[in-house]
Structure formats: structure tokens, C-alpha cells
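K.L.:
Following this message is one structure expressed as C-alpha cells.
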Amino acid sequence: MRPRRPVATVAGGLLLVLSLLVCGVGGGFLLGPVSRSGQGIELASSIGGKGYSIFDMNEGDDYWIYQPAEQTWSESIQCNIADAPDTWTVRRGERPVTAPEKITHFDTRAGGKSGDYDFTYYGTLRGDRTKAFLSVECGPADFLVVPSRAPLWYLGAVAATGTLLGLVGLAVLVTGLILRRRRRAAVPVAPSATPVRTPGPVPARGPSRRMYMFVVPPVAVALAACLLGGLTGLSLGFAETFDPPDIGTEGKGLVSRVMNTTTEYALYADEKGDIPSRDRCSVREQKTPHVTRWRADRPLGDPETVTYNGTTYRYVGTLRVDAIIIGIVDCGDTSSLLLRPSRRSWPFFWGGVAVATLAVTAAATAGLLVAIRRRRAVTP
């Protein structure tokens, strides 16, 4: 009877595969929230005794409100959205574990000296819309708006979990291989004057050829897909695609945002109104025109239509500018426009993640089937 393969080798391999899945899937899921949580801290500007703060809001994200350490606020404050009737009530709440208790930030107090001041946590504002350059007015004249750093902690937990699973899997796998080797060496051999050669299977000496044939290639494909897809996606500006889109004034044919030379931008128009052609649209900074290059075809990552805040916009084109500017895309008509970074990097990045996930799953399945068949083959 051939020695059985220790269960530890199979369990160790599965733990290693599980660690890759946790890191890959968890990291991909958290990449968007983590990129948004890296936005800078916004300090309110005092105008007429009230504080105004302008920041990018994303629906579902949390934004921490910090008050000056030397001030005492009431149990709730009212915040209004500029040019909108909406009002938010932010209540004093228990500080989340992921939020720092105190933040020191540069501030200029009215009639005081410029310098660094301490702010303490007050409450959390829950984002109920996705909008760039959202202007929020709150009763207190001085406060900070801090995008929640919780996604960074979640990503750290995912990385720690994946690393721990990988280390445990490696330890279990190595332990299983050592025990298997010791068991083989400890098998007693009865003395025999005349060795009898009996037909039968030859004891296994390490992983079978099937293991190399069916497990190693998918693992290699997974690593290559992660590397190529990740590098290609990042080089095409994948991280920037999570920025909130910019919406132009309704019926004005204008939309403005900060634009750079390394990012392509996809332009859409409300399908209920006029859909402008590319030759009618130009880019300018104030009154200075800038050279615009339009892509001849629509990138795979930019869909024909997108739905944003209940409105459907139809694709106009993907463009690139020749300088870093506060650009105004002017189509000279009455259309309502939406502008966002082109997502032509998405097929490469998410395609790489999908291929890697399928390849790792295939490798794990193949390894498990090979191990089960070998185990059954050695059972008397």
C-alpha cells in the first residue's frame, strides 16, 4: 500500500489560494473607496458668520466633521447645500475607531494669528449624492470636512488577513511535506534473502506530473494577468476614474473641471435634450482656447450611455487637452453635459482581476481533484 498524502499539504495549498483570493478580490473592491478617502481635508471659509466648505461628495461615503478644540457646539448643527433647498442635520456622535481624536490643521481665524489649530471630532455626514465641487454651508464658521479614512483600515485588514492566511497556509504545507517525508523514511523494511519483485504502483516521490500540468499553468496565468492588467490599468489612469463626474449648468452647453494632459475625458450629454457633435465642442480656459484631440472611436470602457442621479446621458466623445487647466468644455448649444475621466483602463484592470480570479479558481480545483484521485489510488 502506498503512503497516503497528508491532508496538511492539501489544506496548506487551499489556504494559499484563499489568501490570493482575499487580497485580490478584497483589494479590488476597496480600491474605489480608498482612492476617494485620500482626498484632502477641507477647511471652511468664514463668510458672513457662516462656514462654507467645497469638496467632492460620493453617495454612500462618510465625511467626518471636526470642530475647533476650543469651541463648544450644540448637540446638532444645520448644513445647507449652496443653490439647493436641501438641508442636512449633523448630530454630535461617538467617534469611530478609524477617526483620529484630534487633527491639527492650518487655519486663519478672523482677527487672530495664522497658524496650526487643533480640531476634534464632532459627527459624521453621510453622502447622499455624487457631485464634484459641492458647496456646503454650516452654522459654525470654522470646521473641517474630512473624508472617512475607514476604507484605508478595511484595506489594511484585508491585507493582514490575506497575509496571515498565506503564512498559515505555507506553514501547514511545509509541515505536511515534512511529515510525509518522515513517514516514508520510517517505514520498516523486512529483511529478505531473496528480494521479490511484485507488480504494483511505485510510491509517490513528490507532486505528480498532473499537479504540474494542471495547477502551475493557471497560477502563472493569474500572476501574469494581475501584473499586466494592473500595470496597464494604472498607466491609463485607473485611479482617476473614481473621481465624481462634473455636471454642467442645465441647458447651457457648458461643463467645467480641472483637466490635465495625462488623462482622457469622456463627454456625455443628456439624451432628453440636444446631443452635440464633436465639431461643435471646444475647450477653453476663461477665453483662451486650447487644442483638443478627440479619439476616433469610442473606448471599450466608455459605455454608450451612463445613468447618473437618475438622468441618462449619451456618449459624445473622448478627448484630451494640451495643458493643465481649469477647462471649460463649450458645445455652444442648449445641451446638459456630463464630463468624467475616461474609463478605457477598466477593461484592462478589471479584466486582469477577472482572469486572475478564474485562473486561481481553476488551479485550486485542479489541485484538489488531483489530490483526491491520488488519495483514492493509494487506498487499499
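K.L.:
Restricting to segment 242-263, and then to whatever is touching a Ser or Thr at 6+ places or on another chain (Cβ under 7 Å) and within 27 Å of residue 29 (Cβ to Cβ), can you tell me which residue is most open to solvent (accessible area, probe 1.4 Å)?
P.N.:
Among those residues, the one meeting the criterion is 242.
K.L.:
Here is a follow-up. If I filter segment 93-112 down to residues being hydrophobic (A, V, I, L, M, F, W, C), modelled with pLDDT of 85 or more and assigned to a loop (DSSP other than H, G, I, E, B), which single residue comes out as farthest from residue 339 (Cα to Cα)?
P.N.:
97
K.L.:
Every residue in segment 328-357 that is in a strand (DSSP E or B) and under 19 Å from residue 311 (Cα atoms), please.
P.N.:
337, 338, 339, 340, 341 - these are the residues of segment 328-357 that are in a strand (DSSP E or B) and under 19 Å from residue 311 (Cα atoms).
K.L.:
Also, I was wondering about something else. Restricting to segment 113-136, and then to whatever is open to solvent by 30 Å² or more (accessible area, probe 1.4 Å) and under 14 Å from residue 43 (Cβ atoms), can you tell me which residue is modelled with the lowest pLDDT?
P.N.:
114
K.L.:
Then there is this: Starting from residues that are modelled with pLDDT of 90 or more and assigned to a loop (DSSP other than H, G, I, E, B), keep the ones in segment 75-92 and report whichever is nearest to the chain's Cα centre (by Cα).
P.N.:
It comes out as 92.
K.L.:
Tell me, which residue of segment 285-297 that is more than 32 Å from the chain's Cα centre (by Cα) and either among the hydroxyl-bearing types (Ser, Thr, Tyr) or surrounded by 15 or more Cβ atoms within 10 Å (Cβ to Cβ) (or both) is farthest from residue 313 (Cα to Cα)?
P.N.:
288
K.L.:
Return yes when residue 308 is open to solvent by less than 40 Å² (accessible area, probe 1.4 Å) and modelled with pLDDT under 85 and no when it is not.
P.N.:
Working: open to solvent by less than 40 Å² (accessible area, probe 1.4 Å): yes; modelled with pLDDT under 85: yes.
Yes; evaluated as a whole, the condition is true for this residue.
K.L.:
Could you please find all residues in segment 246-260 being of a type outside the set (Gly, Ala, Ser) and either touching a strand residue (DSSP E or B) at 6+ places or on another chain (Cβ under 6 Å) or under 21 Å from residue 300 (Cα atoms) (or both)? Full working, then the answer.
P.N.:
The first filter runs over segment 246-260 and keeps only residues of a type outside the set (Gly, Ala, Ser), leaving 246-247, 249-250, 252, 254-255, 257-260.
Result: 246, 247, 254, 255, 257, 258, 259.
K.L.:
Out of the residues in segment 311-335 that are aliphatic (A, V, I, L, M) and under 12 Å from residue 282 (Cα atoms), state the one that is surrounded by the fewest Cβ atoms within 10 Å (Cβ to Cβ). Please lay out each step first, then the result.
P.N.:
Filtering segment 311-335 down to residues aliphatic (A, V, I, L, M) leaves 316, 319, 321, 323-326, 328-329.
Applying the additional criterion that residues be under 12 Å from residue 282 (Cα atoms) yields 319, 321, 328-329.
On the way: 319: 22, 321: 21, 328: 18, 329: 25.
By that ranking, first place goes to 328.
K.L.:
Condition (residue is among the polar types (S, T, N, Q), in a helix (DSSP H, G or I) and touching a Lys or Arg at 6+ places or on another chain (Cβ under 9 Å)) applied to segment 34-53: is it met by at least one residue? Explain how you work it out, then say what you get.
P.N.:
Narrowing segment 34-53 to residues among the polar types (S, T, N, Q): 35, 37, 39, 45-46, 53.
Next, only the ones that are in a helix (DSSP H, G or I) stay: 35, 37.
Next, only the ones that are touching a Lys or Arg at 6+ places or on another chain (Cβ under 9 Å) stay: 37.
Checking segment 34-53: at least one residue is among the polar types (S, T, N, Q), in a helix (DSSP H, G or I) and touching a Lys or Arg at 6+ places or on another chain (Cβ under 9 Å).
K.L.:
Follow-up. Return the pairs, sorted by first residue and then second, in which the second residue is open to solvent by less than 10 Å² (accessible area, probe 1.4 Å), the first residue lies in segment 334-347 and is without any contact (Cβ under 8 Å) to a residue 40 or more places away in the chain, the beta carbons are less than 6 Å apart, and the residues are 6+ apart or on different chains.
P.N.:
Pairs that qualify, where the first residue is without any contact (Cβ under 8 Å) to a residue 40 or more places away in the chain and the partner is open to solvent by less than 10 Å² (accessible area, probe 1.4 Å): there are none.
The values are calculated or read from the model by the stated rules, or taken from the named source; none is laboratory data. Keep in mind it's a predicted model, so treat the numbers as computed, not measured. Here the Cβ is made from the backbone with ideal geometry for all residues, glycine too, and neighbour counts use every protein chain on show. These area figures cover heavy atoms from the full protein model, side chains too; ligands, DNA and RNA do not enter into them. Shrake-Rupley method; radii C 1.70, N 1.55, O 1.52, S 1.80 Å.
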